[in-house]
Amino acid sequence: MKVFRKEGGRMKVFRKTWMLVFAFLSITCLQAQDDFMARMQAHQPGPQHKLLEQFVGKWDISIKWTLAPGKPPFEAKATSEQDMIFGGRFLHAKVKFSLPGFPENFELIGYDNLKKEYFSTTFMSIETAPMTMLGSLDAAGKVFSWKYEYPSISGRTIHGRQTTRFENPDRYTAEAYETGNDGKEYKAFEGVWTRATDKKATSAKE
């Protein structure tokens, strides 16, 4: 009888222990679920992401690069296809240049709901590191102001700023200024994006 009572007592302790463990796990799971739902809610796309839709479409691009102050600009033509991905959270832009062998690149633009700022990350097919810009949008939703920095091959950190401006639904421009070796700013980049037209459809109408 004593052995039976002793074993019965152990079973009661065992059951109580498992009940406590089960209750703890249930509470932990509920908290994790609440945290997950709260995180999802915090990262829902909003009006700031909606404004990125003005970039969506196919574009013809004219670009000028100036590699150093006083040097003549290098000109190039390119095309870009841009669309929203991941439920409208990011703008994805893929750029192809008309020059054979010229690097391709793609860019992701988004708005960080927690940091309250826009970001742009560009990857190029000839480089091993992306370039990231952080920026803001004016009240009218037409002018982006970006800041960025990146290391040069010589090890110097290059600081830059870029302004992207929507002139109308079918055209936007960008200008970037960087610091030279003398610490002074110079125009390093300028580009014009013009919405591409369907040439076949245009020819048919004519």
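The values are calculated or read from the model by the stated rules, or taken from the named source; none is laboratory data. Because the structure is a prediction, the values reported are computed rather than measured. For neighbour counting, all protein chains shown are included, and Cβ atoms are generated from backbone atoms with ideal geometry for every residue, glycine included.
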Identity of the residue in the range 101-128, surrounded by fewer than 18 Cβ atoms within 10 Å (Cβ to Cβ) and touching a Leu at 6+ places or on another chain (Cβ under 7 Å), that ends up nearest to I61 (Cα to Cα) | T121
Restricting attention to the range 148-158, does a residue exist that is closer than 30 Å to T197 by Cα and without any contact (Cβ under 8 Å) to a residue 40 or more places away in the chain?
-> no
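Results for (1) within 21 Å of S80 (Cα to Cα); (2) in a strand (DSSP E or B), shown as yes or no for each residue.
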residue	(1), (2)
Y118	yes, yes
E127	yes, no
G141	no, no
S154	no, no
I158	no, yes
R161	no, yes
T164	yes, yes
Of the numbered conditions (1) among the aliphatic types (A, V, I, L, M); (2) at pLDDT below 90; (3) closer than 30 Å to N181 by Cβ, A42 satisfies every one except a single condition; which is it?
-> (3)
